[in-house]
Amino acid sequence: MRKAIHTIVFGLGLILTGQAIAQVSEKAQAASEPRQVILIIGDGMDDQQITIARNYLVGATGRLQLDQLPLRATSQVLTIEDKVGGKLVYVADSANTATSMATGVVTSPGRIATTAGSDEDIITIVELAEAAGYKTGIVTTASVTDATPAAFAAHINFRLCESPDLMSDINLWGLQLGNCQPDLKRNGGKGSISEQLAASGLDVILGGGRKYFAARAENSERSVRQLAEDNGFGYVNTLAGMQSARHERRLLGLFSSGKMPVAWRGEDGRVAEVLDKNSTIPTMRCEPNPKFASSPTLKQMTDSALSHLSRDNPLGFFLMIESASIDKQSHKRNPCGSIGELQQLEEALQSAMAFAQTHPRTLILVTADHGQAAQLIPYGGIFSSESEPVRSPGKVARIITPEGGILTVNYATSTSSDEEHTGVSIPLLSNAEGMGLIPAFVQQPQIFDISRKYLGL
Ligand SMILES: [Zn+2]
């Protein structure tokens with residue numbers, strides 16, 4: 001929570017002073033044509049997830065929208081222990097990876113734009129862009145207070161401090177996970193994540209998470225949502241409301257209590273199952289999730305955000321768009337859920353590409369934040385003729401693809417009710433605007449530098 005934002009944690013971050021922010025502001029305003037960065041994050045969208053989705057959505061010989069982007073790099077994820085000078089750890093969470101992309105600084109799991117161990121606030125690309133006069137937005141299928149969107153516009157030591165009533169004694173699955181008391185307003189902090197978003201300079205906030213804005217704000221008789229309205233946000237909670245919202249006002253759209261429902265599910269709600277020695281697992285198809293029907297899609301939220309941010313805007317904007325539940329469905333061993341959310345990302349990318357056709361100075365970046373549990377494996381496999389029956393450890397789903405094959409997807413990172421992330425490097429893709437700006441191999445914090453350079457910040 002400390003305000004000295006300007007720290008190099010791993011040699012990759014920037015030292016930024018108030019004077020530096022003023023200088024970048026002048027430089028950005030000198031640009032003649034509006035410039036945009038649209039950063040699209042598929043949470044947990046590693047190459048296993050992309051391959052599974054490609055096979056299902058367009059067939060193994062088909063091409064996703066993602067595959068048609070001209071530039072493809074590899075992004076190495078970096079994470080450290082939660083202490084000053086902490087050692088590297090090799091598996092990340094969404095809070096520290098989003099912090100890497102938003103600030104250029106490597107931090108520890110659970111942290112939202114704060115430094116490992118020393119808990120200093122780190123300035124984000126959204127804050128820099130805003131200071132230079134750019135418009136800014138975050139769009140997600142998770143709660144807008146979830147780790148990925150939060151790290152672009154809030155600063156707090158722990159990702160689960162999403163509303164004023166969740167600042168102390170954080171409990172998850174019966175585990176005591178610490179607190180965010182130093183960030184309480186009465187202790188000189190900026191408050192919970194929802195309070196920080198409500199007080200932020202963001203122009204567009206779209207996603208789930210109504211419950212985090214319903215709580216009474218600290219030191220106030222008003223709810224967090226009312227604080228946002230006091231700060232100039234127009235509030236909507238339906239698709240129609242979002243699409244007819246006035247462009248002159250900043251826009252806060254919250255379409256579900258927590259994370260938004262996903263588009264697809266396994267047949268009759270089935271997920272991956274244990275493959276016993278002598279049993280077979282019946283195949284299934286993916287089907288629409290009935291709970292999704294009344295939700296705005298990621299594409300519809302993206303279209304509204306692009307329309308809001310580009311209207312009467314001679315300078316440009318920074319927009320982060322997240323398809324969050326590729327990850328969340330993989331934790332729950334639901335490959336159809338992850339495929340449907342990758343399809344949502346594809347549609348949002350199509351909107352971004354169409355926007356870039358009429359707004360040529362638009363850098364589109366598509367990446368993941370970290371790897372996930374799903375693996376595409378053989379069913380039966382080369383060892384199935386051995387005398388002792390062979391089975392895959394973990395849990396398995398067998399999905400019939402529209403082209404008539406069967407995808408066998410395995411989850412085997414954990415015996416708990418949830419799967420774990422993995423430490424693999426992940427793709428970073430870009431449209432032609434990224435040529436010359438993005439090397440073939442990057443470390444994840446470089447995504448901050450790439451966005452900053454493109455916007456002249
Ligand atoms: Zn996750």
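Below, the figures for the structure above:
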read-out	value
Interchain or long-range residues, amide H under 5 Å from residue 73's placed H	428, 429
Fewest-first sequence of 415, 97, 362 by Cβ atoms within 10 Å of each Cβ	415, 362, 97
Helix axis angle, 298-310 relative to the chain longest principal axis, alpha carbon, degrees	20
From phi via Karplus (6.51, -1.76, 1.60), per-residue ³J(HN,Hα) for the stretch 413-425 in Hz, x at Gly/Pro	8, 7, 8, 7, 6, 10, 7, 9, 5, 10, x, 5, 6
Translational D in µm²/s for the stretch 100-231 (Stokes-Einstein at 25 °C, 0.890 mPa s, Kirkwood Rh from C-alpha pairs)	166
Exposure proxy order (Cβ contacts within 10 Å, fewest to most) of 364, 326	364, 326
Antiparallel DSSP beta bridges within the stretch 171-286, as percent of all bridges there, nearest 5	35
Calculated P(r) of the chain - Cα pairs past 31 Å, %	39
Restricting the stretch 235-290 to GluC sites (Glu not before Pro) in coil, as DSSP defines it, with at most 15 other Cβ within 10 Å	248
Size of charge dipole - the stretch 140-238 - debye, nearest 20, with Cβ of Lys, Arg +1 and Asp, Glu -1, no other charges	60
Residues 50, 426 arranged by fewest to most Cβ contacts within 10 Å	50, 426
CD proxy at 222 nm, helix term only [per DSSP H run n ≥ 4: -39500 (n - 2.57); per residue of the chain; nearest 500]	-7500 deg cm²/dmol
Descending principal axes extents, the stretch 33-163, alpha-carbon based, whole Å	49, 40, 28
Nonlocal amide H pairs with residue 368, under 5 Å, H built at 1.01 Å	42
With eigenvalues of the C-alpha gyration tensor scaled by 5 and rooted, the stretch 400-457, Å	35, 19, 9
Rg/Rg_ref, the stretch 291-390, where Rg_ref = 2.2 N^0.38 Å and atoms are Cα	1.53
Note, ³J(HN,Hα) from phi for the stretch 432-441, Karplus 6.51, -1.76, 1.60, rounded to Hz, x at Gly and Pro	4, 4, x, 4, x, 10, 10, x, 5, 10
Beta bridge orientation in the chain: antiparallel %, DSSP, nearest 5	45
Positive-end residue, the stretch 210-262 charge dipole about Cα centroid, Cβ charges, pick of 224, 214, 258	258
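Only the coordinates and a few stated rules stand behind these numbers; no lab work does. If you're wondering where the values come from, they're calculated on a predicted model, not measured in any experiment. Here the Cβ is made from the backbone with ideal geometry for all residues, glycine too, and neighbour counts use every protein chain on show.
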